[in-house]
Amino acid sequence: MRPRSLALAGAAILSAAAIALSGPPASAEAGPTSEEIVQSLAPKVTERRVRSFRGITVEKTKEKADPAKHNVNLYVTFEFNSAELTTDARILLRSLGEALIDQRLTEYKFEIAGHTDAKGTDDYNQALSERRAMSVRDFLAQYYQVAPDRMRTVGYGESRLLIASDPEAAANRRVQISNIGEIAPSPPPEYMRRQ
């Protein structure tokens with residue numbers, strides 16, 4: 001391939017990548033895979049080999065879940081002025097549902113946060129973002145049997161814009177999933193506590 005052709009091909013690839021990363025995906029197929037979602041939400045586990053008199057043992061340590069670090073933004077689309085999921089949203093949420101039932105994430109709780117752009121009043125956007133977060137939670141509970149007590153919903157309305165310089169940008173209308181920590185262990189049954 002000639003140098004000029006190679007340069008043009010490289011420029012075309014970089015332009016396509018910039019367009020792909022500049023905003024919400026054009027369709028559900030452009031969303032993250034379940035594996036990518038798991039990688040974003042799961043705290044890292046590190047292994048360390050330790051020598052002792054009994055041989056070599058492997059110690060595993062797991063970092064603590066951090067909502068600021070272990071989260072993913074999904075561009076979930078809804079019917080206009082509604083909390084009803086579109087067909088594209090249902091396709092995109094398949095990956096999220098599969099991720100949340102993945103063995104690496106089953107011991108964690110998640111926050112499902114609804115966000116809007118700045119169109120409309122603050123009160124309206126707040127209520128709409130809350131309804132949309134609940135719609136995603138209900139979908140995951142119904143179709144993927146994710147326990148509702150593992151999912152906390154919250155709406156932020158337009159208070160946490162992803163692109164503050166463009167308050168009405170489509171990228172601001174999103175649902176953010178954050179790992180908020182491990183599920184607390186259940187206390188032992190009453191009959192075991194008396195012993």
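The values are calculated or read from the model by the stated rules, or taken from the named source; none is laboratory data. Predicted model only: the values in this text are computed from it and were never measured. With ideal geometry, Cβ positions are generated from the backbone for all residues, glycine too; neighbour counts draw on all protein chains shown.
Give the range 167-186 a look and list any residue that's at pLDDT 70 or above and either surrounded by fewer than 10 Cβ atoms within 10 Å (Cβ to Cβ) or touching a helix residue (DSSP H, G or I) at 6+ places or on another chain (Cβ under 7 Å) (or both), or say none.
Val175, Ile177, Asn179, Ile183, Ala184, Pro185
What do you reckon, is Val154 surrounded by fewer than 19 Cβ atoms within 10 Å (Cβ to Cβ), β-branched (Val, Ile, Thr) and in contact with a Ser or Thr (Cβ under 9 Å, 6 or more places away or on another chain)?
Considered against the rule, which asks whether it is surrounded by fewer than 19 Cβ atoms within 10 Å (Cβ to Cβ), β-branched (Val, Ile, Thr) and in contact with a Ser or Thr (Cβ under 9 Å, 6 or more places away or on another chain), Val154 comes out as yes.
Looking only at the range 40-81, how many residues end up being within 21 Å of the chain's Cα centre (by Cα) and under 24 Å from Leu161 (Cα atoms)?
17
Is it the case, given these coordinates, that Thr116 is of a type in the set (S, T, N, Q), within 15 Å of the chain's Cα centre (by Cα) and at pLDDT below 95?
no
Pairs please, first residue from the range 87-112 and aromatic (Phe, Trp, Tyr), second anywhere and part of a helix (DSSP H, G or I) and crowded, with 22+ Cβ neighbours inside 10 Å, Cβ atoms under 9 Å, 6+ apart in sequence or on different chains.
Tyr108/Leu41; Tyr108/Leu100; Phe110/Leu41; Phe110/Leu100
I'd like the full set of residues that are over 22 Å from Gln39 (Cα atoms) and in a loop (DSSP other than H, G, I, E, B), limited to the range 148-179.
Of everything in the range 148-179, those that are over 22 Å from Gln39 (Cα atoms) and in a loop (DSSP other than H, G, I, E, B) turn out to be Glu158, Ser159, Arg160, Leu161, Ile163, Ala164, Ser165, Asp166, Pro167, Glu168, Ala169, Arg173.
Suppose the filter is of a type in the set (A, V, I, L, M) and under 21 Å from Ala171 (Cα atoms); does Leu100 pass it?
In short, no.
Name the residue, out of Glu79, Glu111, that is at pLDDT 90 or above, of a type in the set (Asp, Glu) and touching a Ser or Thr at 6+ places or on another chain (Cβ under 8 Å). Steps first, please.
Values: Glu79 fails: at pLDDT 90 or above.
One residue alone meets the criteria, Glu111.
Does Ser40 satisfy the condition of being modelled with pLDDT of 75 or more, out of contact with any helix residue (DSSP H, G or I) (no Cβ under 8 Å at 6 or more places or on another chain) and not in a loop (DSSP other than H, G, I, E, B)?
Working: modelled with pLDDT of 75 or more: yes; out of contact with any helix residue (DSSP H, G or I) (no Cβ under 8 Å at 6 or more places or on another chain): yes; not in a loop (DSSP other than H, G, I, E, B): yes.
So Ser40 fits the description; yes.
Hey, among the residues in the range 56-73 that are surrounded by fewer than 12 Cβ atoms within 10 Å (Cβ to Cβ) and at pLDDT below 75, which one's farthest from Glu182 (Cα to Cα)?
Out of the qualifying residues, it is Ile56.
Which of the residues that make up the range 97-127 are among the acidic types (Asp, Glu) and in a helix (DSSP H, G or I)? Can you show your working first?
The first filter runs over the range 97-127 and keeps only residues among the acidic types (Asp, Glu), leaving 98, 102, 107, 111, 117, 122-123.
Residues satisfying the conditions are Glu98, Asp122, Asp123.
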